[in-house]
Structures are given as C-alpha cells and as structure tokens.
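Data first, discussion second: the structure below is written as structure tokens.
The values are calculated or read from the model by the stated rules, or taken from the named source; none is laboratory data. Computed from a prediction, not measured in an experiment: that's the story for all the values here. Quick reminder, even Gly has a Cβ in these numbers, built from the backbone with ideal geometry, and neighbours come from all protein chains shown. Ligands, DNA and RNA are stripped out before the accessible areas are found, and what is left, the full protein with its side chains, is counted by its heavy atoms. Shrake-Rupley method; radii C 1.70, N 1.55, O 1.52, S 1.80 Å.
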Amino acid sequence: MNVVQTLSFGRVVKKLHKNQKQDLDEAVKAIMDNPAIGDVKAGDLVGISVYKFRMVKQLTLLAYQYEDHTITLTLLALDSHENFYRDLKKSM
C-alpha cells in the first residue's frame, strides 16, 4: 500500500514530539489494516474519511482518502477537533 501525505499534513507531523509520533504511527497502521475504519463524510467533504484516536490522552482527528484501484492512502489533515472540519474544507 502506498501512503502519501499532503504538504500541510507533513508540516503538522514535523512539529510533533516523539511520543505523539508513536501514537500517530499506530493510528496510520490501524487505517492501513482497515481503510474503512474512519467515518465517511458527506456534503462538502465527500470521499474523505476521518479517524478519531487518542494522542497523548487528547482526542485527535486524522483525515484521509483511500483509493482502492491504486491502493493509495492519502493523509490529508491532523488536528484536534476545534475548527478541524472548517480548516479541512478550506484546504480542499
């Protein structure tokens, strides 16, 4: 499976601490094992799934797209819940 990250996702990951990156790696592995694990969004965010997980005891949302025909997982955004969907819509 190809895993691709957007530039904005990469910038956020670069700022994370080591223990946060470990939690993120576990979340990405869970998505790779089962791409349908996240909540599929509708409306403006159609085609995007959001996986909720705990990163150092804080609820964190990870937006991604999975393309079945190319077996590609694209990591779009990572943030806490506050303004997550609004910012995601702006970046799309």
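Details
- Reported count of residues in the range 68-92, each being of a type outside the set (A, V, I, L, M) and in a loop (DSSP other than H, G, I, E, B), is 7.
- Considering residues of the range 60-92 that are open to solvent by 70 Å² or more (accessible area, probe 1.4 Å) and of a type in the set (A, V, I, L, M, F, W, C) only, the residue farthest from K14 (Cα to Cα): I71
- When V3, V12 are checked against the criterion of being open to solvent by less than 100 Å² (accessible area, probe 1.4 Å), at pLDDT below 95 and under 17 Å from E82 (Cβ atoms), V12 stands alone in meeting it.
- Selection within the range 42-67: residues that are in contact (Cβ under 8 Å) with a residue 12 or more places away in the chain and in a loop (DSSP other than H, G, I, E, B). The member of this set that is nearest to S91 (Cα to Cα) is I48.
- Single unsatisfied condition, V28 versus (1) in contact (Cβ under 8 Å) with a residue 24 or more places away in the chain; (2) more than 18 Å from N2 (Cβ to Cβ): (2)
- Residue check for F53: at pLDDT below 95 and open to solvent by less than 80 Å² (accessible area, probe 1.4 Å): no
- Selection over the range 79-92 of residues that are of a type outside the set (D, E, K, R) and under 11 Å from L59 (Cα atoms) gives a count of 2.
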